[in-house]
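Following: one structure in structure tokens, then a few remarks.
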Amino acid sequence: MTIALQYCHVTVNDVDESLGFYRDALGLEVRNDVASGDHRWVTLGSSTQPGLEIVLSDPHAGRSRSDGDALQELLTKGVLPMIVFRTDDLDATFERVRVSGAEVLQEPIDQPWGPRDCAFRDPSGNMVRISQEPKA
């Protein structure tokens, strides 16, 4: 028996605006774009992890009005769980994301627990960290 993560959902205010960050700045590929009424789910992935996709959707997509409102409140507060990416060249990745206009929360630094990392906010306020494993 095997098990693997297939989808990771990221709630965003505006899917199109978020594509500028996840697709253009981070370099992920759009895999699927599905509309249903006023809502949309866009999946993105990387060739380095072909079986894993990030799903971007708004707070009310596929949810009741009250659940969507509660999720929107958490998104507005900036308290939804962060997403962490790994790269083999943190400085180049940081620079590409920085020049895209993303809000920088932390420039690249060596963390005491091992990795070198940095942090941004996506256009909806989600914290996105990018790390690089320490060199041996």
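All of the numbers you see were taken from the coordinates with simple rules; none came from a lab. Predicted, not measured: the structure shown is a model, and the values here were computed from it. Virtual Cβ from ideal backbone geometry, glycine too; neighbours counted across all protein chains shown.
Just a few scattered comments:
- Degrees separating the helix 65-77 axis from the principal Cα axis of the chain, which is the longest one: 30
- Degrees between helix 90-99 axis and first principal axis of the chain (Cα, 0 to 90, nearest 10): 50
- Top of G27, G62, G45 by mean-square fluctuation, Gaussian network on the chain, Cα under 10 Å: G62
- Region 7-132, relative contact order [Cα under 8 Å, separation at least 6], %: 24
- Among the chymotrypsin sites (Phe, Trp or Tyr not before Pro) in region 31-126, those located in a DSSP loop and surrounded by at most 14 other Cβ atoms within 10 Å of their own Cβ are W113.
- For T48 and D16, a Förster radius of 25 Å and the Cβ-Cβ distance give a FRET efficiency of 0.50, rounded to the nearest 0.05.
- Simple Cβ-charge dipole of the chain, Lys/Arg +1 and Asp/Glu -1, about Cα centre, in debye nearest 20: 260
- A cut-off under 13 angstrom between Cβ atoms defines the neighbours of R116, and their net charge, with Lys, Arg +1 and Asp, Glu -1, is -4.
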